[in-house]
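The values are calculated or read from the model by the stated rules, or taken from the named source; none is laboratory data. As the structure is a computational prediction, the values presented were derived from the model and not from experiment. A quick note on method: Cβ atoms are made from the backbone with ideal geometry, for glycine too, and the neighbour counts reach across all protein chains shown. Ligands, DNA and RNA are excluded from the accessible area calculation, which covers all protein heavy atoms including side chains. Shrake-Rupley method; radii C 1.70, N 1.55, O 1.52, S 1.80 Å.
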Amino acid sequence: MIQKIVILLIACVFSVSVKAQTGNYISLKQKTEVLENRKKATKEVDLYFDKKKQVITKYYYSAPDFVTVVNSFGEVKTYYPESNEVAYEQVPELSSKRTLIYYFTNNFIEDLGLVDEGFRLVSNEFEGQYYVTTWQPPSTLRGIVTVKMVFENGLPVYSEYQASEENILKRIYYANYKDFNQFRLPMNIVEISYVPSKDSIISRTTFSDVKVSWSDDSPYFNFKIPENAKPISQSK
């Protein structure tokens, strides 16, 4: 028991010392590969996160290329440079404060957003070298019975969403952590979603070229949509 308490105290001290540092501008490259029905889709994004303003700007390499700007209220602007068109929508679930980049770069890794979604902690215990927490969803969220999170050395390495003890909905693996002084980020995230009567959907996200700056050294940190951009519907 004393050993467990010491481990928790060390984790708390580390967390406080990290949170005391405050870099504002974080940029990185994000590549997501999705395998579904034996077909593979790849999406590449340049991501720019202004921690002070809590704004995430993404440049998507696609056909055509486009840019999204999302704030903490879930206000989303999608701009298509080629046609000079812009779409607006507001979706609270898309808030910049409900993203993995927000949680990891702010060292809010104890629940990775579960508390924001109304989950409550129901158990926590050590299983060998791992610290395991179990969460229950709010009554308004159906289909999920529990979520299990597994930590190693104070960092999340695995999450499991369960519809029942025998029925797992989703598994998420966080690996290859890299230390950026102000925070630690898993450079590889693999998510496996189990779809009834279908093959599972496997998603692998990798991060690279992570930069932390004290200045907004990219125009995408203060990206401005041209005033003459033509408004369009989000369904494009």
>> Just to confirm the number: angle between the C-alpha axis of helix 2-19 and the first principal axis of the chain, 0 to 90 degrees, nearest 10?
In response: 20 degrees
>> Taking a ≥ b ≥ c as the square roots of the Cα gyration tensor eigenvalues, with a/c under 1.5 meaning rounded and otherwise prolate when a/b beats b/c, else oblate, which class fits the stretch 97-172?
In response: oblate
> Per residue of the chain, what 222 nm ellipticity follows from adding -39500 (n - 2.57) for every DSSP H run with n ≥ 4, rounded to the nearest 500?
Replying inline: -3000 deg cm²/dmol
> In the chain, which longest range has no GluC sites (Glu not before Pro) that are both DSSP loop (not H, G, I, E or B) and surrounded by at most 13 other Cβ atoms within 10 Å?
Replying inline: 83-164
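Rounded to the nearest 0.05, what FRET efficiency do S72 and V190 give with R0 = 22 Å and r taken as the Cβ-Cβ distance? Could you check?
Details: r = 28 Å, r/R0 = 1.26.
Once the sixth-power term is evaluated, E becomes 0.20.
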>> Please list, by residue number, every one of the trypsin sites (Lys or Arg not before Pro) in the stretch 33-73 that is coil in DSSP and has at most 16 other beta-carbon atoms within 10 Å.
In response: R38, K52, K53
>> Under 10 Å, Cα contacts only: if you run a Gaussian network model on the chain, which one of P226, P186, P137 comes out with the highest mean-square fluctuation?
In response: P226
> Over the stretch 128-226, what is the relative contact order in whole percent, taking alpha-carbon pairs under 8 Å and six or more residues apart?
Replying inline: 14 percent
> Looking at the P(r) of the stretch 120-163, how many percent of alpha-carbon pairs lie beyond 13 Å?
Replying inline: 54 percent
> How big is the gap, in Å, between the Cα center of the stretch 65-82 and the Cα center of the stretch 110-152?
Replying inline: 31 Å
>> Suppose a student asked you for the relative contact order of the stretch 12-137, using Cα pairs under 8 Å spaced at least 6 residues apart; what percent would you report?
In response: 13 percent
> Roughly how many debye, to the nearest 20, is the charge dipole of the chain about its Cα centre, given +1 on each Lys and Arg Cβ, -1 on each Asp and Glu Cβ, and no other charges?
Replying inline: 140 debye
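Note down the relative contact order for the chain as a percent, whole number, built from C-alpha pairs under 8 angstrom at least six residues apart.
Taking the mean separation of contacting Cα pairs over the length of the chain, I get 21 percent.
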> Using a basic spin-label model with each label point 7 Å from the Cα along Cα→Cβ, how many nm lie between S123 and N222?
Replying inline: 5.3 nm
> Round to a whole number: what % of the accessible area of the chain belongs to carbon and sulfur, probe 1.4 Å?
Replying inline: 52 percent
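Note down the Stokes-Einstein diffusion coefficient of the stretch 26-121 in µm²/s, whole number, using a Kirkwood radius over alpha carbon pairs, 10 °C, and 1.306 mPa s.
Approximately 108 µm²/s, per Stokes-Einstein.
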> Cα-based count: Lys pairs in the stretch 33-76 below 28 Å, eight or more positions apart or different chains?
Replying inline: 6
>> Taking every alpha carbon pair in the chain, what does the distance histogram look like in 10 angstrom bins from 0, in percent?
In response: 7, 26, 35, 23, 8, 1, 0
